[in-house]
Amino acid sequence: MTNSKSFGYARVSTTSQTNDRQLDALTGAGIDPADIFTDKISGARQSRPGLDDLLSRVRAGDSITVGSMDRLGRSALHVLGTLADLEERGILVKSLKPGEDFSGATGKLVRAVMTHVAEWERAMNAERVAEARAAKAARAKDGEQIAGRPITAMTAENINKIRGHKAKGRTVAEIVKLTGVSRASVYRALAQ
């Protein structure tokens with residue numbers, strides 16, 4: 001039988017932030033600093049090296065302590081998926097934040113409710129995106145400008161101006177500033 005081990009995980013979203021507060025809380029909770037894994041990366045990132053390293057090291061019977069459950073993922077659904085995966089592997093996750101105890105029957109109930117809320121939120125976001133796309137497509141059919149540069153940016157006159165500026169040795173960045181046409185449109189005009 002192997003001895004169980006206690007690990008810690010701390011994450012901040014940007015390199016300009018410091019995770020000192022989280023590290024102090026984890027060591028104060030009795031986690032050996034050598035067993036604390038950290039990331040300075042957005043929770044929205046799929047791969048987080050510190051967490052990935054930690055997850056590859058933990059074994060059944062081990063525990064992971066975090067300052068707050070939101071440190072584990074990019075969304076409620078992602079956090080809950082991570083928790084479910086760890087629970088399935090026999091790894092206990094503890095939060096130092098009051099009210100974030102997901103162990104036991106009550107914790108399972110709270111997780112189930114959070115999972116349904118997160119799924120609802122994802123479905124609502126998908127509906128809003130689909131509605132926005134449909135509205136955008138309908139406006140585009142009517143010839144209305146949707147967003148960005150004017151529709152008339154690629155007129156024959158603008159194409160000739162772009163080519164003339166390029167013939168004078170101007171850079172694409174300079175041409176964009178001079179004509180008000182997007183970088184992509186400049187490249188398209190030059191490729192024609």
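The values are calculated or read from the model by the stated rules, or taken from the named source; none is laboratory data. Since the model is a prediction, treat every value here as computed from it, not as a measurement. Don't worry about glycine lacking a Cβ; one is built from the backbone with ideal geometry, like all the others, and counts go over all protein chains shown.
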Exercise. Any residue at all in segment 168-189 that is modelled with pLDDT under 85 and under 27 Å from the mean Cα position of the chain (by Cα)?
Worked result: no
Exercise. When only residues in segment 115-141 that are within 17 Å of L77 (Cβ to Cβ) and among the acidic types (D, E) count, which is farthest from the chain's Cα centre (by Cα)?
Worked result: E127
Exercise. For V66, are the conditions met, namely being closer than 21 Å to L23 by Cβ, crowded, with 16+ Cβ neighbours inside 10 Å and modelled with pLDDT of 90 or more?
Worked result: yes
Problem set entry | strands (runs of 3 or more DSSP E) lying entirely in segment 1-90 (those with 2 or more residues that are in contact (Cβ under 8 Å) with a residue 24 or more places away in the chain and of a type in the set (G, A, S)) | 6-12
Seminar exercise, completed: Checked pairs for segment 126-149, first closer than 25 Å to V181 by Cα, second surrounded by 10 or more Cβ atoms within 10 Å (Cβ to Cβ) and modelled with pLDDT of 70 or more, C-beta under 8 Å and 6 or more apart or across chains, list as I146/K136; I146/R139; G148/S182; R149/G180; R149/V181; R149/S182; R149/S185
Exercise. Of all the residues that make up segment 69-96, how many are in contact with a helix residue (DSSP H, G or I) (Cβ under 7 Å, 6 or more places away or on another chain) and either of a type in the set (D, E, K, R) or farther than 15 Å from D52 by Cβ (or both)?
Worked result: 11
For this session: Output the residues belonging to segment 91-110 that are β-branched (V, I, T), exposed (fewer than 15 other Cβ atoms within 10 Å of the Cβ) and in a loop (DSSP other than H, G, I, E, B).
Result: none
Exercise. Taking segment 1-17 as the region of interest, how many residues are surrounded by 12 or more Cβ atoms within 10 Å (Cβ to Cβ) and of a type outside the set (D, E, K, R)?
Worked result: 8
